[in-house]
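The values are calculated or read from the model by the stated rules, or taken from the named source; none is laboratory data. Keep in mind the model is a prediction, meaning the values are calculated, not measured. Note that each Cβ is placed from the backbone with ideal geometry, even for glycine, and that neighbours are counted across all protein chains shown.
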Amino acid sequence: MALSSHLDDPSLLDRLAHTAKPLSFKHDELVWAKGETDTIAFALDGTFDVIHNQIVVDTVGTRQFFGISTIFGRPHGEDIRARKTDKNRFPEILLWSAGDPKVLDLFRSAKMLMVLLESAQELIHHLNELQVLHRRKRGAVAHVASHLRRLVGFRGGSGELEIGQQELGRIAGYGERTIRLALSELIRIRCIGRLRRSEYRLDVEALTQFIESEKVGGTK
């Protein structure tokens, strides 16, 4: 589930690189506020909270675009705040100004729209999957498996993922003890393997088989 193959186009990558501004943030620093306009971002490293009415309603991970509504002339609907990683690396983004006609033309191009559409489709599939698991009363193991599979796609699709239990818990919505037990079970059934502290190798095929079995009826 790597990011769109359209980003393999050297000319597209070159245009993106030459129009972007790299930025890093401290923990809890505001990236932008609700109502602001003309900014589009891509998460290079770290995690970013989407905040609506002072409540975290979503989390943006590495290799995700956000703020896309501005290319259609709409202001941002939520605050975005940076969150420090467990390894104390500061969150980093690439930032584009949609007020620049060249940037606007770039993000409205057919190739970039395909990139953004594929990203949106992956998110919709992920959310639908979580809803199915919830309706079938599947526990934390299945939900954590789904989040891990999505995260490894954002972080290059190599099968390796570095993430702390606390950070994973915030993304998946579980406490650290529940996350620890879920990871232990996924290791036991050989969907993931621990490389080092907070570093895992994911068997994406095994994760997918496990998730699909839980969506259908669950495993004994």
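Can you pull out the residues in segment 151-209 that are of a type in the set (Phe, Trp, Tyr) and within 21 Å of Glu122 (Cα to Cα)?
Once the filter is applied, which keeps residues that are of a type in the set (Phe, Trp, Tyr) and within 21 Å of Glu122 (Cα to Cα), segment 151-209 yields only Phe154.
Please verify whether segment 6-27 includes one or more residues that are at pLDDT below 90, in contact with a Gly (Cβ under 7 Å, 6 or more places away or on another chain), surrounded by fewer than 18 Cβ atoms within 10 Å (Cβ to Cβ) and of a type outside the set (Val, Ile, Thr).
Taking every residue of segment 6-27 in turn, none turns out to be at pLDDT below 90, in contact with a Gly (Cβ under 7 Å, 6 or more places away or on another chain), surrounded by fewer than 18 Cβ atoms within 10 Å (Cβ to Cβ) and of a type outside the set (Val, Ile, Thr).
Of Arg180, Arg150, Arg188, Arg155, which residue is at pLDDT 90 or above and under 22 Å from Thr59 (Cα atoms)?
One residue alone meets the criteria, Arg180.
Out of segment 106-139, which residues are surrounded by 14 or more Cβ atoms within 10 Å (Cβ to Cβ), more than 29 Å from Leu13 (Cα to Cα) and among the basic types (Lys, Arg)?
Matches in segment 106-139: Arg138 only.
Can you confirm whether segment 52-71 contains a residue that is more than 25 Å from Ile124 (Cα to Cα), surrounded by fewer than 18 Cβ atoms within 10 Å (Cβ to Cβ) and touching a residue at least 24 places away in the same chain (Cβ under 8 Å)?
no
Going by the conditions given, is Ile51 within 22 Å of Gly173 (Cα to Cα) and touching an Asp or Glu at 6+ places or on another chain (Cβ under 8 Å)?
Spelling it out, Ile51 is indeed within 22 Å of Gly173 (Cα to Cα) and touching an Asp or Glu at 6+ places or on another chain (Cβ under 8 Å).
Only one residue in Lys111, Lys102, Lys87 is at pLDDT below 90, farther than 30 Å from Arg196 by Cα and basic (Lys, Arg), so which one is that?
Every option except Lys111 fails the conditions.
Considering only residues of segment 210-220 that are assigned to a loop (DSSP other than H, G, I, E, B) and of a type outside the set (Ser, Thr, Tyr), which is surrounded by the most Cβ atoms within 10 Å (Cβ to Cβ)?
My answer is Gly218.
Which ranges mark the strands (runs of 3 or more DSSP E) fully within segment 8-80 that have 2 or more residues being in contact with a Ser or Thr (Cβ under 9 Å, 6 or more places away or on another chain)?
It comes to 30-32, 39-45, 47-52, 55-60.
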